[in-house]
Every structure is written in structure tokens, then in C-alpha cells.
1. For Leu171, state whether it is over 18 Å from the mean Cα position of the chain (by Cα) and touching a residue at least 40 places away in the same chain (Cβ under 8 Å).
2. Please verify whether Pro155 is within 24 Å of Pro268 (Cβ to Cβ), part of a loop (DSSP other than H, G, I, E, B), in contact with a helix residue (DSSP H, G or I) (Cβ under 8 Å, 6 or more places away or on another chain) and of a type outside the set (Asp, Glu), treating the condition exactly as stated.
3. Considering each residue of the stretch 119-140, count those that are within 15 Å of the chain's Cα centre (by Cα) and either among the charged types (D, E, K, R) or surrounded by fewer than 20 Cβ atoms within 10 Å (Cβ to Cβ) (or both), and give that number.
4. Can you tell me how many residues in the stretch 196-219 are surrounded by 15 or more Cβ atoms within 10 Å (Cβ to Cβ) and touching a residue at least 24 places away in the same chain (Cβ under 8 Å)?
5. I'd like the full set of residues that are aromatic (Phe, Trp, Tyr) and in contact with a helix residue (DSSP H, G or I) (Cβ under 8 Å, 6 or more places away or on another chain), limited to the stretch 6-33.
6. Is it the case that Leu199 is of a type outside the set (Lys, Arg), assigned by TED's automatic domain parsing to the domain that holds Ala250 and farther than 23 Å from Ile103 by Cβ?
7. Here are some residues: Val53, Val61. Which one is more than 25 Å from Met296 (Cα to Cα), touching a Leu at 6+ places or on another chain (Cβ under 7 Å), β-branched (Val, Ile, Thr) and at pLDDT 85 or above?
8. Residue under question is Leu313, and the condition is that it be touching a His at 6+ places or on another chain (Cβ under 8 Å), surrounded by fewer than 22 Cβ atoms within 10 Å (Cβ to Cβ) and modelled with pLDDT under 95; does it hold?
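The values are calculated or read from the model by the stated rules, or taken from the named source; none is laboratory data. Since we're looking at a predicted model, the values are computed, not measured. All Cβ positions, even for glycine, are placed from backbone atoms using ideal geometry, and neighbour counts span all protein chains on display.
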Amino acid sequence: MATNINVDVRQLNTFLTVADTGSFSRASEKLFVAQPALSRQIRMLESALDVEVFVRHGRGVVLTAAGELLYDRARKLMQDLERTQADVTAVGGKVTGQVILGILPTVAHLFSGTIVEKYCQQYPQVDLAVKSAMSGTLQQMVAQHRLHVAITYNPSSQRNLRCLPLLEEPLCLIGPSNSPFAERSDITVDEVLTLPLILPEEKHGLRIKMERTAAERGVALDLTLEVSAWPLLTDTARRGLGYTILPSAAVHEMVARKEVAATPITSPELTRTLALVTPVDLPSSVATRKLAELIMDQLAKHVHQRLWKGRLLFDANDPGLEKPE
């Protein structure tokens, strides 16, 4: 098939680096390429496309309208080339490439260290990066291709996200170990709604769930503190400043040390769904799928060993991961 492509990968990589740094000089330092040679690459690119991609000014460069279009297309093209290279290499038995994993703070402490250790041992040629954030932020980062895969709660119905449910977790009332509810086997939702609560900000999924639960019963939450930082959320509950709501796995170690108590919420049971999220428009690489498989394997082991309470939502023998076409 005849083609008429006058742009090469090197030019696109140079273009993306200049756009990301906003400066020819900074791009030159990052790429270890002399600035005249770098400028020549951009001139050749603009000549091939017959359009200017940058507007030069005293402090650097900004993208033109054509440059913005090229940036979006070039970024996706480079990601696809990287993934293709890694997948073809994987046919020969080597898993390579880069994977950026997003994980929740309430999940990270429980098994992320094990996942990172095992993954690096099994696939040493993969560059693995791990970022931690709240569910909404993680989902946004996946949609923007800033993460390849993320572990989040209550995945949204965004059309540009692919969600694989992992676990339905029961929520618990978290309070100091000497609280009146510490020795109880459960506590009702109505009782919970009478207590001073410590919850994240309004946009957080847990806060939304509790606000909705209270509204259904015609009551208002007694919000004593609004705390979105994960360590502070549990620490304020430990200090008896109020109660928070979390899955028991999130405070497993604190409960073992008798720093807090976790009392299951019933009548009705409140739950959250843990899921793996990947972008719909970016097929997962072999390296990403291997990481997802490891995550599910470790999660299943934690549930079977009763280190993590909840109901698995996938078949460990057939997890349902998407395969390359």
C-alpha cells in the first residue's frame, strides 16, 4: 500500500518534548540534543505538514491550533507505538514497557508493597510507577492516559473508562478502641447517623454515599470534621474526635494494634465496590494485563485468608481481562 508520510517518530518525539517543556532550551536539555539540531527537527516537521505548530515568544513557545491537534494525535500515536513494541517483544517471552498504576490510600497500605515486590521480581524489564490519590482523581487520570490502570472505589459510569469490578466490601464504623461500640458485633445505619462523623469533602464517593443514606431517612449528617487526608481521617477517629466510615481492610493493622475499633454497619449493610479501571480508547498492554492479573491474584488470596472482608466479584480462574484483538 502506497503511503505519503513525511513525518518520522524522532520529529514527533521532539515536538512532544518541546510542547511539554514549553521551551526549546529546556527540551534540548531533556533530550540531550543541541538546540540548533532540535530546532531543525521542528522546522522539518512544520515543512512536512506545511503548517506552524508553535508560536515563539520571549519566554518560550505555545502551541498553535494545528499544534494542539498534532499534540493529541502524536501523544496517542507514540503511546500506541510503545505498546506495540512491548507487545511484540512479549511474544518472544519478554514483558517490557512502562506501567503506571494508580491506587487508593485506603488500599495502598494493605497489599501494594506485595504487588510491587512480586511484579518487579517477575517482570524486571518493565518500568513500574505507582501513584496514590482518591477515586475521582484516579479515574480522571486514567481517562487522561496519565495512568494505565487504577484501583478505585465505586467506579463512575464514564463512557471513556473500562471498569472491572473486583470486590464488594462492607463498610464499618471506625472509632477509638474504647468507644461504646468497640465490643459490639454490629451497629445499625440509624445509630450511625446519630453520631458525630468525620468524613471527606463533598465530592468524595464515601461522603456522597453517607449524604444519600441520611437523606433517604430524612435526617442530616452530624459532620463534626471534614478531613480528606487519609492518615488524618483515621487518626482523628483514633483520638476520639468523632467516627468515620471505612472498610475494615483499610484499618486492619490499626485494629490489630487496638488503636481503633471497626464495627460492621447493618440494617441495611452499607458497601463499596472496588474495581480496576482502564481507558476504553487505549487497549491494555501485556505489561498492564500482567499487573492486573497479579492484583486480582493477591486480592483473592487476601479474601480467602480473611485478611480482607468482602465478596469477590470476579472469577479467579477467568478474570475477564480484555485481550488484544
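1. On the way: over 18 Å from the mean Cα position of the chain (by Cα): yes; touching a residue at least 40 places away in the same chain (Cβ under 8 Å): yes.
Here the answer is yes, as Leu171 does meet what is asked.
2. On the way: within 24 Å of Pro268 (Cβ to Cβ): yes; part of a loop (DSSP other than H, G, I, E, B): yes; in contact with a helix residue (DSSP H, G or I) (Cβ under 8 Å, 6 or more places away or on another chain): yes; of a type outside the set (Asp, Glu): yes.
Considered against the rule, which asks whether it is within 24 Å of Pro268 (Cβ to Cβ), part of a loop (DSSP other than H, G, I, E, B), in contact with a helix residue (DSSP H, G or I) (Cβ under 8 Å, 6 or more places away or on another chain) and of a type outside the set (Asp, Glu), Pro155 comes out as yes.
3. Step one: filter the stretch 119-140 for residues within 15 Å of the chain's Cα centre (by Cα), giving 128-140.
Going one step further and asking which of them are either among the charged types (D, E, K, R) or surrounded by fewer than 20 Cβ atoms within 10 Å (Cβ to Cβ) (or both), we end up with 128-133, 136-137, 140.
Final tally of qualifying residues: 9.
4. The number of residues fulfilling the criteria is 10.
5. Keep residues of the stretch 6-33 that are aromatic (Phe, Trp, Tyr), which gives 15, 24, 32.
Answer for the stretch 6-33, where residues must be aromatic (Phe, Trp, Tyr) and in contact with a helix residue (DSSP H, G or I) (Cβ under 8 Å, 6 or more places away or on another chain): Phe15, Phe24.
6. Details: of a type outside the set (Lys, Arg): yes; assigned by TED's automatic domain parsing to the domain that holds Ala250: yes; farther than 23 Å from Ile103 by Cβ: no.
No: the conditions fail for Leu199.
7. Working: Val61 fails: touching a Leu at 6+ places or on another chain (Cβ under 7 Å).
Residue meeting the stated conditions: Val53.
8. Numbers: touching a His at 6+ places or on another chain (Cβ under 8 Å): no; surrounded by fewer than 22 Cβ atoms within 10 Å (Cβ to Cβ): yes; modelled with pLDDT under 95: yes.
Against the criterion (touching a His at 6+ places or on another chain (Cβ under 8 Å), surrounded by fewer than 22 Cβ atoms within 10 Å (Cβ to Cβ) and modelled with pLDDT under 95), Leu313 does not qualify.
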